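A quick write-up on the structure given underneath.
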Amino acid sequence: MGTSDGFEGVEFTDERYQVEHSLVSNSYHVCDTDGDVLLEADERSFDHRGELPFRDETGDEVFRLEPGNVDSDYFVVPADSDSPQVIVEEDLSFLQHRWNIRRGTDERLVAVVEAAGPSVEFFRYYVPMMGVLPHTYTIEDADGTRVGTLSRQFGLAEKYVLSIDPVDGLPRETLVAAAISVDILDSR
C-alpha cells in the first residue's frame, strides 16, 4: 500500500509545482520546480469504470482517481492498493466550488479546496468562452488555516501553479493528489 505519508514511486518535496493541462491531448503533467515531470495522466485513458491512472516518468502507475460510493465522491487510490488513501468529496453550492478532502482510512476531514471568487466562477461556468479566465483555488487545513493555492495562469493553455505550505501531520502528497484531482473533476 502507499507509504504512510505519500505514494510509492514519487516524492513531493517542493513547495511549488507546475500543473499543465494540454487541451489538445487532454493530458496532465505535474512538474517540480526544476521542470522534471513527476506525474502524468491522460484523460483518454479513463476506462469504462471511470478510473484515471496517474503515472510516474517511467510509466508506472502511482495512484488512480476513481469514482466513490456517492456521485459526488472520488477516491485517490495508491497503485498497490484497493483502499482509498484520499476521498475527494464535492460540496455543491450555488456559484461556489468546494471540495472536502478526507483521509481514506477514517474519513476525517484534512483539507478543503475551494474556488476563490463567486463572480469569476459565474463567468467561467455560465458565459461561453470565459473558461479561459484565470482563477484560484485556496487550500485550507481542517482548522481553516490556508496551506496552499492552485492558481491558473492566464492563457489558452491551462497552466497552474500549485503552492503547498508544509503542514505537520498532513502529507504534502495528499494535498498535491487532492488538488490535481479537484482541477480534473472541476473541469469535467
(request) Subtract the Cα-Cα distance of residue 33 and residue 8 from 0.36 nm times their separation in residues, and report this length gain in nm to one decimal. (result) 7.0 nm
(request) Set the Förster radius R0 to 25 Å, insert the Cβ-Cβ distance between residue 168 and residue 23 as r into 1/(1 + (r/R0)^6), and round the FRET efficiency to 0.05. (result) 0.10
(request) Once you have the Cα-Cα distance between residue 140 and residue 16, take 0.36 nm times their residue separation minus that, and quote the gain in nm to one decimal. (result) 43.0 nm
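No lab work stands behind these numbers, since they all come straight from the coordinates. Keep in mind that this is a model prediction, so the values were computed, not measured. Cβ: placed from backbone, ideal geometry, glycine included. Neighbour counts: every protein chain shown.
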